[in-house]
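See structure below.
The values are calculated or read from the model by the stated rules, or taken from the named source; none is laboratory data. Computed from a predicted structure; not experimentally measured. We place every Cβ from the backbone using ideal geometry, glycine too, and count neighbours over all the protein chains shown.
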Number of protein chains: 2
Amino acid sequence: MKHTVEFQPDNITVTVEEGENLLSVAAAAGVYIHAYCGGDGVCGKCRIKVDQGEVYADRASLKQEEWDQGLRLACQAAVKSDLKITVPEKLSDGRKALKRKPKTTRTIAARSLEALTGTWDIDPPVTKLFLELKPPTIEDNISDMQRVMRGFKQARPGESDPSYDHPELIRELPAVLRESDWRVTLLLLHGRGENEPVRIIDVEPGDTTARLYGLAVDIGTTTCSGVLIDLNTGKVIAEASGYNAQIRYGEDVISRIIYAGRAGGLRALQDRVISTINGIIEDICRSVIISPADISYIMAAGNTVMSHLLLGLDPKYIREAPYVPSVSLFPLTKAAGLGIHAHPSVRLFLYPCISSYVGGDIVSGVHACQMAKSEKITLFIDIGTNGEIVVGNRDWMVCTACSAGPAFEGGGIKYGMRASHGAIENFHIHPETYDPMIITIGRIKPSGICGSGLISIVSELLEAKVIDQQGKFNRSLDHPRIREGADGWEYVLAWGQDSLLGEDIVITEVDLDNLLRAKGAMYAGYQTILSSVGLGFNDLDRVILAGNFGAFIDLERAICIGLLPDIDRDRFYYLGNASMLGCQISLTDVKRFRERVQVRQLITNMELSENPEFMTFYMASLFLPHTDMSLFPSVQGKLERE
Amino acid sequence: MKHTVEFQPDNITVTVEEGENLLSVAAAAGVYIHAYCGGDGVCGKCRIKVDQGEVYADRASLKQEEWDQGLRLACQAAVKSDLKITVPEKLSDGRKALKRKPKTTRTIAARSLEALTGTWDIDPPVTKLFLELKPPTIEDNISDMQRVMRGFKQARPGESDPSYDHPELIRELPAVLRESDWRVTLLLLHGRGENEPVRIIDVEPGDTTARLYGLAVDIGTTTCSGVLIDLNTGKVIAEASGYNAQIRYGEDVISRIIYAGRAGGLRALQDRVISTINGIIEDICRSVIISPADISYIMAAGNTVMSHLLLGLDPKYIREAPYVPSVSLFPLTKAAGLGIHAHPSVRLFLYPCISSYVGGDIVSGVHACQMAKSEKITLFIDIGTNGEIVVGNRDWMVCTACSAGPAFEGGGIKYGMRASHGAIENFHIHPETYDPMIITIGRIKPSGICGSGLISIVSELLEAKVIDQQGKFNRSLDHPRIREGADGWEYVLAWGQDSLLGEDIVITEVDLDNLLRAKGAMYAGYQTILSSVGLGFNDLDRVILAGNFGAFIDLERAICIGLLPDIDRDRFYYLGNASMLGCQISLTDVKRFRERVQVRQLITNMELSENPEFMTFYMASLFLPHTDMSLFPSVQGKLERE
């Protein structure tokens, strides 16, 4: 149920879901409230007054008289009805300052692309067919397999002869047929191409048509996720995820490649990712009480290195110039053959890769959003250590990857961390007092900064002129939070007492440098790839942000620091885990599945690693937002307003 | 080089090859010469006089004066030039009798079907393609596999994209490409159907196109044979064979099926036949000094039980009514996966079966002789323990199998043996003295009777009226060789001193009974299957004898005892090991290979086991040659002549 929340004295009204946390609502609305402890309820700074309506709240550290006056801690209060809220004058003494903040600093997420993924049918690439066969007689004693084939043809007249698995299927067939009294269910694998015949991959006793499940798997370098779909209804019925157990051998793909080169390394890495997938299957099957043997198809996507490791292929040449993968179009594999806990006949489809650094996860994502079917020129972005960029439409596509470094995933940032509990995910700074408003994931005391937090912090520091466009702190500001630390100048996001670590959490100039390089690489990537096809940012009809990160990015702030191009905000969309989405769509609708071929065939790869134009663009991007401010007119206005 | 040999006083002249043994020439020409020891040179009875021309000969047991008179032992003499031979009067005192023997009693083999198998091209279903690939650069860094595919497409423009083996091939590919400096040879498997794309099954370093071999394997219940073909020339370059090592578990398919039902039995049987094939591969590879890994395709054929056992499929239901095999169309299998010593990617093709008792050996044979392409109505026969019969032409075919019993393979015959050294393979009886002329395989002292010998013996005994048409000995003949033995009446083929066993070798009435049943089942089979399609023997344009046995059958004698129908002798053809021939043709010419599908699709199976008409025909066949003598006009004439 939706409610309106009106904040005074800023006079900002937003509509939110019942139960939303008021501190988060304020942060998203651009309403500054002091908040030091990330939302943990301990610093007691985020007092607000409920003038009208009701909130779900505990008294927490408030005194009874404060409670009776209608004061609440924003971080401990959730929306229960339409509300009128006052942020008390003594705290909100930056009323003037707040007013100066343009409303556009509100957290604006890109729009979901749901409408553009289109709908899909329940017409999965694996189906079941129940047959009641006539038992053999002396006049009709064709082989068991021929009898099954004849049953198939009678049930599906006009279809071409199916092929069938061997030898597992045939070995068991005589017993299955006789024990089930000739009533069996065929598990049919439909061709990946339209003209390929159906393949019988299992014959099960009795009528098992009600049990038909598919598993979509996203194999990330860090995290692997699985989604179980009931292929009779198309509904997601279970999900699970876990860290990729390869992590012990290195955080990123390069360290995994290096480890694969050691004796036994490749095998160890393959075993790890397979045990990770098995763990996911186990969790999922336990949660909905099905057997892993009831999973009838597995569709997976991962980057090129993850795909190679899953199949036990040496990724060695991916790392060495000229960066050549062993294979880009992965053959359909028997999952059980890889060691995955699945029915022996069940196939694992792995989305094809384009190049060493544009993998199946990107192909799956591009496939999911139907770029290859639209005339609109689209920029598809997956921001990460390796940022992948695809641009094009149904007529042509170019892709590339740029090494942005791990800043957005917490790497190279002093207090950087992954987007997990305790990570600062949203940040506002009071434009006059320079005090922070910190929101953490899980609303506990902060323990570090994740990617979206980093973007918030840098853009807020920039707009407040705590840092300049080169990412250097304003040495002239005299404020306890702005200081010279062990690693040079820094801003204290949380004092030790308000942090989970018990020590001050800061952002340093070294961190800012790393962020500059990361966002600079991405932006230079967009420029290079667009330039290669003679286009500019204004030619883009759409920008699609893939990856979970994309869903959490505050557009204005990402544009403000130069991570995203400064174009009409309405052109931005986010897809969430696009890679997983592609797998889910393919699992559910074989027609959509078959369209993946167009995607792969359309995309041309471009290498940036030795591209001189890229280097030029990159150098010009090492500025907030950019040395060429004409590329960022809206940011220019914002920064000049002061 | 050919020479003429004139036998006097019979005045019979034949044309033979230089080096042929004179005793064999005489036997084949229907010239009776006393010969008790099978051709071993020890009985000294087969004296002949060389009147003109030269023979290769040793003096052996002849006295110098006999030698000087031009006497020679026929069994120790070989044709060197045109010859005039006199069979000395004192030995050939049956001059009158011999004259009475019609010339048609000469051994007449059926004609070879060579002309009818047609020619075939050297266009094998597996080929090699040498590629010199451009090494990758940063501008051209597609995956290794894509590079191979591109190389293929450049070499074979217009062909559809090949598929490729996984994961063996891809795993090794990066190393193979780089170590061979991007010069590699693709091993290509062509589709079994015309529309199937080519499949890359191996990538070998360097140019290996000169090494391309295929192995044809005939998997017999008793004997397995292999033929190695150089697929670049189409030439057979090596052959080997050996007993099927399953023999220790039983002589015939039924005992093998029973053994397969024991714990571990199926596995043991599979292991045995595979070790037999491995032994053949080893022998062949050693003889021509190639590696088993250079064999690029294996085409095999065997009866339904042998095929099941090779693939590890339980043949249980083959034996039980209604006699259902697990599968009749065997999927292409990786030979190495079965344990065969072959390159890991090499496929084993197994000819499809029709029914439980009409197997891939028959389909291969029918395929070899192109019955399915001819308008001529053909009766295809494979005589053995399980006699298989196919009748039809390019428009229709019906097949059946009848359980003839093992008589033709030496089973159920007191001195029966397989067609190996020492087996009596040819026999004549002196129509007045009842003395035998015995020729053994290898021309050593006799140790038993093989199938072709049995046919000779029975037909000669019948014509000489030593036995009657019911297979009973003429009790009124007073002759030391015709006597009552332990098993009833018998004829002594060889006295102990002339036999390898040191004991008398005889043929008994029990043996004759077994032969009657065996030939009766075959003949009743022909009648039943012809009757089912409304045809009679006179409608047959051709009779094809498959199996090695067929090549050794003396047509006149086989007709005389009622094993073959009494029709124009010119309509008979023999194919030798037709099953092997089909495999050889398929290995060499993919177009012919693909035609096998028509064969299988045309043939309809018919079961005789509970067929009342078959039983009626069978009862009427238990007579020499048949109770209905109008079916055997030529035999009737012969038997009445006396």
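Somewhere in the stretch B:218-227, is a residue farther than 30 Å from A:Ser609 by Cα, assigned to a helix (DSSP H, G or I) and more than 13 Å from chain A (Cβ to nearest Cβ)? First the steps, then the outcome.
Filtering the stretch B:218-227 for residues farther than 30 Å from A:Ser609 by Cα gives B:218-227.
Remaining after also requiring assigned to a helix (DSSP H, G or I): none.
The answer is no, given that none of the residues of the stretch B:218-227 is farther than 30 Å from A:Ser609 by Cα, assigned to a helix (DSSP H, G or I) and more than 13 Å from chain A (Cβ to nearest Cβ).
Residue count for the stretch A:125-142, restricted to those that are under 46 Å from the mean Cα position of the chain (by Cα) and of a type in the set (Val, Ile, Thr): 2.
Being within 21 Å of A:Ile455 (Cβ to Cβ), modelled with pLDDT of 95 or more, under 20 Å from the mean Cα position of the chain (by Cα) and outside the structural domain of A:Ala28 (by TED's automatic domain parsing) holds for only one residue in A:Leu540, A:Leu563, and it is A:Leu563. Looking at the stretch A:590-621, which of the residues that are closer than 18 Å to A:Ile389 by Cβ and of a type in the set (A, V, I, L, M) is surrounded by the most Cβ atoms within 10 Å (Cβ to Cβ)? Restricting to residues being closer than 18 Å to A:Ile389 by Cβ and of a type in the set (A, V, I, L, M), the top hit is A:Val599. Considering A:Leu575, A:Leu624, the condition of being modelled with pLDDT under 95, assigned by TED's automatic domain parsing to the domain that holds A:Cys369, crowded, with 21+ Cβ neighbours inside 10 Å and outside any helix (DSSP H, G or I) is satisfied by A:Leu575 alone.
Identification of helices (runs of 4 or more DSSP H) wholly contained in the stretch B:302-363 with 2 or more residues that are touching a Gly at 6+ places or on another chain (Cβ under 8 Å) and more than 10 Å from chain A (Cβ to nearest Cβ) yields B:304-311.
Might you let me know whether the stretch B:19-26 holds any residue that is surrounded by fewer than 17 Cβ atoms within 10 Å (Cβ to Cβ), over 21 Å from B:Ser452 (Cβ atoms) and out of contact with any strand residue (DSSP E or B) (no Cβ under 8 Å at 6 or more places or on another chain)? No, the stretch B:19-26 contains no residue that is surrounded by fewer than 17 Cβ atoms within 10 Å (Cβ to Cβ), over 21 Å from B:Ser452 (Cβ atoms) and out of contact with any strand residue (DSSP E or B) (no Cβ under 8 Å at 6 or more places or on another chain).
Residue selection: A:Glu432 satisfies the criterion of being touching a residue at least 60 places away in the same chain (Cβ under 8 Å) and more than 21 Å from the chain's Cα centre (by Cα). Remark: A:Ile457 falls outside the filter, which requires a residue to be in a strand (DSSP E or B), buried (at least 21 other Cβ atoms within 10 Å of the Cβ) and either aliphatic (A, V, I, L, M) or free of Cβ contacts under 8 Å to residues at least 60 places away in the same chain (or both).
Could you list all residues from the stretch B:235-253 that are farther than 11 Å from B:Thr276 by Cβ, of a type in the set (Gly, Ala, Ser) and either modelled with pLDDT under 95 or in contact with a His (Cβ under 9 Å, 6 or more places away or on another chain) (or both)? Of everything in the stretch B:235-253, just one residue is farther than 11 Å from B:Thr276 by Cβ, of a type in the set (Gly, Ala, Ser) and either modelled with pLDDT under 95 or in contact with a His (Cβ under 9 Å, 6 or more places away or on another chain) (or both), namely B:Gly250.
Out of all the residues in the stretch B:591-612, which are touching a residue at least 40 places away in the same chain (Cβ under 8 Å), outside any loop (DSSP other than H, G, I, E, B) and within 14 Å of chain A (Cβ to nearest Cβ)? Within the stretch B:591-612, B:Val597, B:Arg600, B:Ile603, B:Thr604, B:Asn605 qualify.
Restricting attention to the stretch A:164-180, and to residues there that are assigned to a loop (DSSP other than H, G, I, E, B) and either surrounded by fewer than 19 Cβ atoms within 10 Å (Cβ to Cβ) or touching a Pro at 6+ places or on another chain (Cβ under 7 Å) (or both), which single residue is modelled with the lowest pLDDT? First the steps, then the outcome.
To start, the set of residues in the stretch A:164-180 that are assigned to a loop (DSSP other than H, G, I, E, B) comprises A:165-167, A:180.
Remaining after also requiring either surrounded by fewer than 19 Cβ atoms within 10 Å (Cβ to Cβ) or touching a Pro at 6+ places or on another chain (Cβ under 7 Å) (or both): A:166-167, A:180.
Values: A:His166: 75, A:Pro167: 78, A:Ser180: 97.
Result: A:His166.
Taken together, B:Ser326, B:Ser291, B:Ser356 contain a single residue that is of a type in the set (S, T, N, Q), without any contact (Cβ under 8 Å) to a residue 60 or more places away in the chain and surrounded by fewer than 19 Cβ atoms within 10 Å (Cβ to Cβ), which is B:Ser291.
One residue stands out in the stretch A:111-144 among those that are more than 22 Å from A:Pro197 (Cα to Cα) and hydroxyl-bearing (Ser, Thr, Tyr): the one that is modelled with the lowest pLDDT, namely A:Ser112. Of everything in the stretch B:417-454 that is crowded, with 24+ Cβ neighbours inside 10 Å and either among the polar types (S, T, N, Q) or outside the structural domain of B:Trp495 (by TED's automatic domain parsing) (or both), the residue that is nearest to B:Ile383 (Cα to Cα) is B:Ser452.
B:Ile254 falls short on exactly one of the conditions (1) not in a strand (DSSP E or B); (2) not assigned by TED's automatic domain parsing to the domain that holds B:Val288, and that condition is (2). Regarding the stretch B:376-393, can at least one residue be identified that is in contact with a helix residue (DSSP H, G or I) (Cβ under 6 Å, 6 or more places away or on another chain) and surrounded by fewer than 18 Cβ atoms within 10 Å (Cβ to Cβ)? The answer is no, given that none of the residues of the stretch B:376-393 is in contact with a helix residue (DSSP H, G or I) (Cβ under 6 Å, 6 or more places away or on another chain) and surrounded by fewer than 18 Cβ atoms within 10 Å (Cβ to Cβ). Scanning the stretch A:381-389 turns up no residue that is in contact with an Asp or Glu (Cβ under 7 Å, 6 or more places away or on another chain), over 30 Å from A:Ile318 (Cβ atoms) and assigned by TED's automatic domain parsing to the domain that holds A:Gly534. Considering the stretch B:142-163, the residues that are in contact with a helix residue (DSSP H, G or I) (Cβ under 9 Å, 6 or more places away or on another chain) and either hydrophobic (A, V, I, L, M, F, W, C) or within 14 Å of another protein chain (Cβ to nearest Cβ) (or both) include one that is surrounded by the fewest Cβ atoms within 10 Å (Cβ to Cβ), namely B:Asp161.
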